[in-house]
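Below is one structure, written out as structure tokens, with a few remarks after it.
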Amino acid sequence: MHSDDVVAEARRLLRLCAACMYCDDLCPVFAAIAGRHAFAAADLAYVANLCHSCKACHYACQYAPPHAFAVNLPRSLARVRQISYADYARPRFLRGAFAGGGLRASSALVVVAVAAFALLRADAGGRAGSIGFYDVIPEKWMVMAALGALLAAAASLAWSACAFWADIGPPARPQEILRAAPRAISEAIALKHLDGDGSGCADGPDRGAQARRWAHHLLVAGLATDFSASIAAAFSEHWLGMAPPFPASSAPVVLGVAGGALVLGGVCGLVWLKRRADPEPVAAETAGADYHLLGMITLVAVSGAVLLAARSTTAMPWLLALHLGLVGSFFALLPASKFVHAIYRAAALLRATVESRARAGDPPPPDLAAGG
Ligand code: SF4
Ligand code: SF4
């Protein structure tokens, strides 16, 4: 579907919903569009990222197909979200990744990163069991590659987030935004709106399940546990004088294994939910971005597990090169992946919270109340 058609359809549906408002208690999208008749491009990006595709409105809608109005709001907003990922990608050359080039870019980057680490492995093969990871790939190269990829990704994500916020940010004073931030952040972290106000996030007409919310929590908890494993590894190395590979009972290994298991549990849950989801309110063309991110996470987790299991064998140098190449590629590709939705959604929740507080008559900051 051409992007102009996607935008025109989203505007048509949002005008209908703003007039109907039958679904106004389902999620913050309906409060955001209440009373509005015109939707600029930035409004569409805001509303689309406020939607978490729970599909509840589709099953509640009396104008859904076969009605002539053919309302399918979750599918329409999913398409607008996909366009917004490309529109706000910074640097701009990352747009291509959201226009279908993500898989090709990932494959190329993974191959280059793995090859680079493989070249660094020198002639370590055949000496497994008597060598450490740093005999295969010098520590400074490992640290430089991981930190370089991570910092580049963080800078790109921050730039993209600023571009998004510059467009969708509400006309509010900084004090109002700061006062709304704690609630928006806690709702984003707790995935509050995935609980459908306690009745669960719909992946079908039955709204009783919270599986999607818990699968997201598992995935995030796993990534956080893996990150803490890296911190434990740095601590063990620089303060306890240990060198990798660490013993199986050490904190870095235990945390790494626990994190990997949580990550794989979350990925399996999300894939299972996607496979059994009703295709009607889903934009099939956006599924590639979901599977791309989940696939990269899986490759990193599985390659880490295989490296752990085979670290005493002659395959260790190659497995280390493969794992590090995948980790570096994963970091570098974050700004060109579905991961950006987490950031845009948090920004959209912040605007929704500012507007919600204004509607509730939240007293303005002192300088505004005094006319300053
Ligand atoms: S999704 Fe349907 S029922 Fe719900 S507000 Fe929109 S038009 Fe009305
Ligand atoms: S799909 Fe869910 S989150 Fe999106 S607009 Fe409908 S009810 Fe709201």
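What number of residues within the stretch 8-30 satisfy the criterion of being away from ligand 1 (no atom under 12 Å from the Cβ) and either open to solvent by 40 Å² or more (accessible area, probe 1.4 Å) or without any contact (Cβ under 8 Å) to a residue 24 or more places away in the chain (or both)? Qualifying residue count, the stretch 8-30: 3.
Of the listed requirements (1) loosely packed, with under 13 Cβ neighbours inside 10 Å; (2) without any contact (Cβ under 8 Å) to a residue 60 or more places away in the chain, Ala261 misses just one: (1). Applying the criterion of being in a loop (DSSP other than H, G, I, E, B) and open to solvent by 20 Å² or more (accessible area, probe 1.4 Å) to the residues of the stretch 32-52, the residue that is nearest to ligand 1 (Cβ to nearest atom) is Ala34.
Here is a yes/no grid of residues against (1) assigned to a helix (DSSP H, G or I); (2) at pLDDT 95 or above:
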residue	(1), (2)
Gly304	yes, no
Leu319	yes, no
Leu324	yes, no
Val327	yes, no
Pro335	yes, no
Lys338	no, no
Tyr344	yes, yes
Glu355	yes, no
Asp362	no, no
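In the stretch 53-88, which residues are more than 11 Å from ligand 2 (Cβ to nearest atom), within 15 Å of Val6 (Cα to Cα) and open to solvent by 30 Å² or more (accessible area, probe 1.4 Å)? Listed by number, the residues that qualify are Ala70, Arg79, Gln82, Ile83, Asp87.
The values are calculated or read from the model by the stated rules, or taken from the named source; none is laboratory data. The structure displayed is predicted, hence computed values, not measured ones. In this analysis, Cβ positions are derived from the backbone assuming ideal geometry, glycine residues included, and neighbour counts consider all displayed protein chains. Keep in mind that these areas ignore ligands, DNA and RNA; they rest on the heavy atoms of the full protein, side chains included. Shrake-Rupley method; radii C 1.70, N 1.55, O 1.52, S 1.80 Å.
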